[in-house]
1. Holding the Cα-Cα limit at 23 Å, pick out from K373/K442; K377/K442; K151/K195; K247/K292 the pairs that are longer than that.
2. Roughly how many debye, to the nearest 20, is the charge dipole of the stretch 254-341 about its Cα centre, given +1 on each Lys and Arg Cβ, -1 on each Asp and Glu Cβ, and no other charges?
3. Residue separation times 0.36 nm, minus the C-alpha to C-alpha distance between Q69 and T52: what's the value?
4. Percent relative contact order of the stretch 48-140, based on C-alpha pairs within less than 8 angstrom and at least six residues apart?
5. Does anything in the stretch 387-418 have its amide N under 18 Å from the 7 Å Cα→Cβ label point of E268, and if so which residues?
6. Using the alpha-carbon centroid of each, what span in Å lies between the stretch 62-119 and the stretch 126-199?
7. When ranked by the protection proxy of mean other Cβ atoms within 10 Å per residue, highest first, what sequence do the peptides 406-418, 91-103 form?
8. In the set (1) 52; (2) 46; (3) 77, which value of percent of Cα pairs over 29 Å apart was calculated from the structure you see?
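What follows is calculated from the coordinates using simple rules that are stated; it is not laboratory data. None of these values were measured; they are calculated from a predicted model. Cβ atoms come from the backbone with ideal geometry, glycine included; neighbour counts cover every protein chain shown.
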Amino acid sequence: MTIKVPFKSNFKAKFNKKRITENLGLKIVALVVAILLWYIVVNITDPIITQTYKNVHVKILNEDVIAEQGNTLQVEDNSAIITTVTVKAPRTIIQELGSSMDNIVVTADMNKLSSDGTTVPIECTVSKFADKVESIRPSSDFLHVKIEKRKTIQLPIIITTSGEVESGYIVGNKTPYQNQVRISGPQSIVERVKKAYADVPVTGFTGMISAQADIELYDEEEELVPLNNLELNVTNIKVDVEILATKKVPIYYSVIGIPADGYGVTGEVDCTPEVVTIAGEKSVIDVVSEIKIPGDELNITGQTDDLVTIVDIQNYLPQGVRIADTNTFSGKVTLKAYIEPYADMAVTVNTKDIVFKGVPFGYEAELVGSSDKVEIKIVGLKQNLEKLDVSNIVGTIDFDDYALMNNITEFDEGVYNCIINPELPEGIRADEAVTIQVRLKKNEE
């Protein structure tokens, strides 16, 4: 049985096939052109561009791997900062990333440390849209490092001050609330550190200062050691600094005792220094006018030559007062008392000029058969004897002294052998007892 297809259906199929295949080459060209146009449009509206990020910091990963081995990690050649990182991506992605470096992630994983322990590869990515970024390239491919043994030391903190206090004031005690610092880091750097300082500025102050002072480290040549790569258990400390008023005061001293027989003290005493500068709270030092050294410190008893003694006047400072600058003055004063042997000479006393003292009531005194002059030997320091005017020496006879020396309570008429006492200046005395006869007789009524 034969089935006949209607003429109309056959014609339609042939017509559609003809339409599809007709001008096929032209249609393919049109398709390619359309694709190119689409690509051009896309690139015009969202082209691939580059963005450069400068001075990007490298984040070090797994740094504890180094510490667990008892080592330290030092980044060298400033390689932890990448000069430029260039990102290539569609403009919309670049715009999303922005110009901030926050979205640029640069890392160096210490697990990938090179076998010679000097470099670690640098890896770059972005924090978002990583799958749409065509490329990201750093200007440096490696982090340069130095691995070194870790060392820890402990040093006392030296407190210093800088600047100038007001005139008439000085810096007093400097009291830190912590006096030690612990320093850890690479052995070569830690071994350079010899001193730890904390400085407090004092310019213009006239009273107590309480301040936070940063700790700075110095080497043997007093060169500053940077704190980079070092760990300190404390980086600054609280410090109290006294600011004290100053005042110049004289030193007062006295001499006690008697030199050995035949010697005398000249009265001259050297004191070095004679004036000292003291310091303290202004209200305290305002009432201090002198520093007194007691006589016990300058006792010439039994001396046959000059007495030199060194006295620490800090033992005699009032409470709350101190020596202003113990760097230039230790507080020790040198005292020197001059001792010389006595010289002697003979002087003449005119008997007619003798003065009677203490004559008993109702009596009168007169010399008995004496010569006109009496010679008396006197002793004293040579310098005093040379100044003595021998022409003006007057002799005296004192009955009160006679009664005391001879245990007499009441005088009677009679003749007494009395000692002539020449009137001499201080420091000169008679060396011998010269007597003369004196008659006491009752007054005639």
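1. Over 23 Å Cα-Cα: K373/K442; K377/K442.
2. Dipole size: approximately 340 debye.
3. This chain segment gains 2.3 nm when fully extended.
4. Answer for the stretch 48-140 is 37 percent.
5. Zone members listed by number: 387-388.
6. What the calculation gives is 22 Å, centre to centre.
7. 91-103, 406-418
8. Comparing each candidate, only (3) matches the computed number.
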